[in-house]
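J.: Sharing a structure below in structure tokens format, with a few things to ask.
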Amino acid sequence: MARSKVTMRYPWFRTLIVSLSIAACASHVWAADKPGNSSAADLVTLNFVNADIDGVALAVGEITGKNFVIDPRVKGTINIISSKPMSRGLVYEVFLSALRLQGFAAVEERGMVKILPEADAKLHRGAALDPQDRRTGGDQVQTRIFNLTYESAAQLVPILRPLIAPHNTIAAAQNNNSLIITDYAGNLQRIERIIESLDRPSGADPIVIPLFNASAIDVAQTIERLFVEGATAQAGADPNQRVAVAADARSNSILARSSDPARLARVRQLAAMLDSPTSAGGNIHVVYLKNAEAVKVAETLRAIFSSESTAVRSAPGSPVAAGTAQHAVAAAGTVSGIIQADAATNSIIITAPDAVYNNLRATLEKLDARRAQVYVEALIAEVTSDRAAEFGIQWQDLSGVGKTTATAFGGTNFGTSGQNIVGIAQNPAAAGHGLNIGVVKGVVTIGGQQILNLGLLVRALESDSKANILSTPTLLTLDNEEAKIVVGQNVPFLTGSYTNTGAGSGSTNPFQTIERRDVGLTLRIKPQISEGGTVRLQIYQEVSSVDKTTANPAGVTTNKRAVESTVLVDDGQIVVIGGLIQDSVSDGVEQVPGLGSLPLVGGLFRYKSRARSKTNLMVFLRPTVMRTAQSTDALTSDRYSFIRGEQIKATPSPSLILPDYTSPTLPQISGTPPGPSAEQ
């Protein structure tokens, strides 16, 4: 203790101790050169108490022959006390250990040793180490790359991070599944042993359990309910206790996997117990279907069995005639098997021996697969533009009407009742749209009816009307199942009439026969999905409407546009299946012969009209294949939230005068985003 106080108080004393240590080292080296003293020269005694790091590095350099470069940030003292001499080969390792305790590290690079803070050691080239180099160790900072074979490098990072010094690093290279670790060489050797113990193949390899009597599908379902559902019901169950069970219908065997050998042995024991043969010649089995329709599946299986049984009975020299027991059982089962469907429970009832039932069960499993669905969006875009113009001058002279002497009257008269001068003179309120300018001089009486004495009528009209209609009917249907949607009206059409006139009494019994038809939008599709994702669609698309501008005495006139086609469309692709682009121009002239053709003056004797009509109609289609329940739920949630938002926006605003009525709104369902608020 006294020596420590002296060295702390007098720095020159530490230098003296270092000098004495160097002298001792020199004496050891000198003694090693003398004959017969080789063993004594390999031993060195180190005693440094609160010695400066640079001074100790000087002494260690004299002993080991290494060259040290000390970072200016390396400051402090170290203590090294030896109770007995040590080998010269351990001096450098002891020095590195003392530096590590002070937070410094040594990096060897190009014949020199750099002493610098531990946090910066990983940035120097000398810290890198080839994966195959195992010569160095101890307290030297190194960077090692560990290539993994079985485990994931990213998953091992949080496990190994607490075992590495805080200033050093660990990272995962996911592209080649390797770990890059910078730490002291001694700790890297320990981490290497840990990685080797973790990076091993899993012991939970699957086992195969062949069955000889029972159906592998039924046995797998039973075992899965016992183990898997039971483990799920237990809260906080050990993941190592899980059991994965699957059935291979082709080999009629069970595949099981678990990290617990005891559970695998239990699965094997249960499978052997369930695989026991039955004494009955014809067993009754009930198979509940999940996706397919039992009636159709039963018809398919019966058709296959009837053809197989006929082939077995009629084949000469078949294995049955040769006495093969296995084929005889199969043939007998084929002949005597009974397949019946129960539509109420959607199940198949099979009466057949175990060997035949196993084959049927494997076939049922494939037929009862979940069928994909197709969501079809039809886009019907119709853009129409109608333009019309008319101009004409009409005149008449009715001044001689009502006179007793012979007088002349007359004039020009063009167009319909709402356009010509006679119709407007009789009923001015019936004048058509547009500009109507006339010259009136009182009224006149013709045939007991008073009309305006309209001498001149100038009429001009220009009209422009456009329409943009977009209809988007949508349908969701199963693969290879036809679906239909109709949006419109059910309109009656007159098909006939009958009247029975009585000869004596004059009584009649009239009646008419009508037929109702759907008028509006109709979409009928039948999709068929191929393995590559292409959808074959049989389509019938119709857009019809009642023509209110045309008077038909026989009944109702309808405008109809229909497309019927079969197309191939990729999943999610938009395709045009039909369209109409029509552009028509009409030009009409009504005039007085001869006079209407005169230049300038002829305008007083003619009436001109012109019209143009353009129609652009396109029908687009986009099918979307939905193979999972998640894709269907996503679509339903989106459409559900959209309609719910529209209902919320249509809610009447509060009123101080009118009563507040509750607006119907779809309920909020978990998993669907809420619709926009009423303020939006």
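J.: Of Ser347, Ser471, which has the most accessible area with a 1.4 Å probe, and how do the rest follow in descending order? Numbers along the way, then the final one.
T.: On the way: Ser347 0, Ser471 35 Å².
I get Ser471, Ser347, largest accessible area first.
J.: Additional query: Just to verify a number: what accessible area does Met273 come out at with the full protein assembly present, 1.4 Å probe, Å² rounded to tens?
T.: Here the accessible area works out near 120 Å².
J.: Once phi is turned into ³J(HN,Hα) by the Karplus curve 6.51 cos²θ - 1.76 cosθ + 1.60 with θ = phi - 60°, what whole-Hz value does each residue of the range 145-162 show in order, with x for glycine and proline?
T.: After applying 6.51 cos²θ - 1.76 cosθ + 1.60, I find 10, 10, 8, 9, 10, 10, 7, 8, 5, 5, 6, 7, 4, x, 6, 8, 4, x Hz.
J.: Continuing with this model, one more query. May I ask for the distance between the Cα centers of the range 352-386 and the range 524-545, given as a whole number of Å?
T.: That distance is 14 Å.
J.: Oh, and also: If the limit is 24 Å between Cα atoms, which of Lys526/Lys560; Lys296/Lys366; Lys466/Lys649; Lys296/Lys526 go over it?
T.: Values: Lys526/Lys560 22 Å; Lys296/Lys366 14 Å; Lys466/Lys649 29 Å; Lys296/Lys526 19 Å.
Violating the 24 Å limit, Cα to Cα: Lys466/Lys649.
J.: Put Glu108, Glu542, Glu62 in order of accessible area, largest first, 1.4 Å probe: what do you get? The partial results should precede the final answer.
T.: On the way: Glu108 70, Glu542 25, Glu62 115 Å².
Result of the area sort, largest leading: Glu62, Glu108, Glu542.
J.: Right, something else. Could you work out how far the C-alpha centroid of the range 58-116 sits from that of the range 433-486, in angstrom?
T.: About 106 Å separates the Cα centre of the range 58-116 from the one of the range 433-486.
J.: Under a 1.4 angstrom probe, counting protein chains only, how are Arg524, Arg200 ranked by accessible area, largest first? The partial results should precede the final answer.
T.: On the way: Arg524 70, Arg200 145 Å².
Largest to smallest exposure gives the sequence Arg200, Arg524.
J.: How much accessible surface does Val69 have with a 1.4 Å probe, in Å² rounded to 10?
T.: Spelled out: Val69, probe radius 1.4 Å, area about 70 Å².
J.: Moving on. Give me the percent of Cα-Cα pairs in the range 409-473 that sit more than 17 Å apart, rounded to a whole number.
T.: Details: 1008 of 2080 pairs.
That tail contains 48 percent of the Cα-Cα pairs.
J.: Compute the orientation-averaged projected area for the range 137-229 from the convex hull of its Cα atoms and round it to one decimal in nm².
T.: Working: hull surface 36.0 nm².
Value for the range 137-229: 9.0 nm².
J.: Assuming R0 = 25 Å, can you tell me the calculated FRET efficiency for the pair Arg622 and Glu481, based on Cβ-Cβ distance, to the nearest 0.05?
T.: Details: r = 19 Å, r/R0 = 0.75.
Plugging the Cβ-Cβ distance into 1/(1 + (r/R0)^6) gives 0.85.
J.: Asp52 accessible area, nearest 10 Å², 1.4 Å probe?
T.: Spelled out: Asp52, probe radius 1.4 Å, area about 60 Å².
The values are calculated or read from the model by the stated rules, or taken from the named source; none is laboratory data. Model, not experiment: these values are computed from the prediction. So basically every Cβ, Gly included, is an ideal-geometry build from the backbone, and we count neighbours across all protein chains shown. The accessibility values were calculated without ligands, DNA or RNA, using every heavy atom of the protein model including side chains. Shrake-Rupley method; radii C 1.70, N 1.55, O 1.52, S 1.80 Å.
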